[in-house]
1. Out of (1) on the phi > 0 side of the Ramachandran plot; (2) buried (at least 23 other Cβ atoms within 10 Å of the Cβ); (3) among the hydrophobic types (A, V, I, L, M, F, W, C), the odd one out for Ala105 is which?
2. Identify all residues within region 145-160 that are crowded, with 18+ Cβ neighbours inside 10 Å, in a loop (DSSP other than H, G, I, E, B) and either at pLDDT below 95 or in contact with a Cys (Cβ under 9 Å, 6 or more places away or on another chain) (or both); write none if there are none.
3. Has region 7-15 got any residue that is among the hydroxyl-bearing types (Ser, Thr, Tyr), modelled with pLDDT of 95 or more and surrounded by fewer than 22 Cβ atoms within 10 Å (Cβ to Cβ)?
4. Does any residue in region 25-38 that is closer than 18 Å to Phe93 by Cβ come within less than 9 Å, Cβ to Cβ, of a residue that is assigned to a strand (DSSP E or B) and of a type in the set (Lys, Arg) six or more places away or on a different chain, and which pairs are these?
5. Do the conditions hold for Arg100, that is, is it among the basic types (Lys, Arg), part of a loop (DSSP other than H, G, I, E, B) and more than 14 Å from Ala161 (Cβ to Cβ)?
6. Check off (1) surrounded by fewer than 18 Cβ atoms within 10 Å (Cβ to Cβ); (2) farther than 26 Å from Gly135 by Cβ; (3) out of contact with any Phe, Trp or Tyr (no Cβ under 9 Å at 6 or more places or on another chain) for Asn62 and give me the number that stays unchecked.
7. Report, by residue number, each residue of region 126-137 that is in a loop (DSSP other than H, G, I, E, B), open to solvent by 10 Å² or more (accessible area, probe 1.4 Å) and farther than 15 Å from Ile187 by Cα.
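The values are calculated or read from the model by the stated rules, or taken from the named source; none is laboratory data. Model, not experiment: these values are computed from the prediction. We place every Cβ from the backbone using ideal geometry, glycine too, and count neighbours over all the protein chains shown. Protein only, heavy atoms only, side chains kept; ligands, DNA and RNA dropped before computing areas. Shrake-Rupley method; radii C 1.70, N 1.55, O 1.52, S 1.80 Å.
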Amino acid sequence: MRNYADKQDLIFSQSRDFSGCDLSGIDLRAVDLSGVNFLGADLRGANLSGSILRGANLREANLIQAVISEANLIDADLTQANLCGAVLWRSQFCGTNFSRASLCAVDLSEADLSEACLIEASLIEAKLIRANLAGAKLCGAILLEADLTDANLIGADLTWANLTSANLTEARLWGTKIIYTKLRDAIMPDGTIQEPQIAFI
């Protein structure tokens, strides 16, 4: 596993393939990394704030406690990536694939996740305050105790999702698909706590 000590080392390598590389703790703020291959790379604690990772391959990457705020990850692939504890606020994830990714305790406040794929993703205790999840696919996702205050879930698919004890205060659920969704002890948009329902909203 090759180790890149800093931003200059990585950029000057002129490589677009960093699969399996040790990039833990690297500072990659405001760097254009569009389409770069980070398959299985170790990016623990890396700072990617303001960077462009449009279409990047981050499948199975380790991004634990990484800072990726105000970044562009449109159409990126984060399938089975580990982002637990990462800071992702105000980043663009439109069309991004988070299938089976670990997103426990992440901060996705005000992030754009419209049309994103979060099928079977783990979002336990995730902060999704004012996040845009319009049209997102959250089938089978685990959102235990997630904070979705004022989130936009218009047209999202929550089939088989688990939102036990989630906070949906003032969340927009028009056209949201709620089928076999677990909502036990969840705070609903109107502030009430409801038992599970099987319905379309």
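1. Unmet for Ala105, out of (1) on the phi > 0 side of the Ramachandran plot; (2) buried (at least 23 other Cβ atoms within 10 Å of the Cβ); (3) among the hydrophobic types (A, V, I, L, M, F, W, C): (2).
2. Leu158
3. No, region 7-15 contains no residue that is among the hydroxyl-bearing types (Ser, Thr, Tyr), modelled with pLDDT of 95 or more and surrounded by fewer than 22 Cβ atoms within 10 Å (Cβ to Cβ).
4. none
5. no
6. Failed condition: (1).
7. Arg130, Ala134, Gly135
Table: residues versus (1) open to solvent by less than 40 Å² (accessible area, probe 1.4 Å); (2) modelled with pLDDT of 95 or more; (3) assigned to a loop (DSSP other than H, G, I, E, B); (4) within 19 Å of Asp107 (Cα to Cα).
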site	(1), (2), (3), (4)
Ala5	no, no, yes, no
Gly40	yes, yes, yes, no
Arg44	no, yes, yes, yes
Arg54	no, yes, yes, no
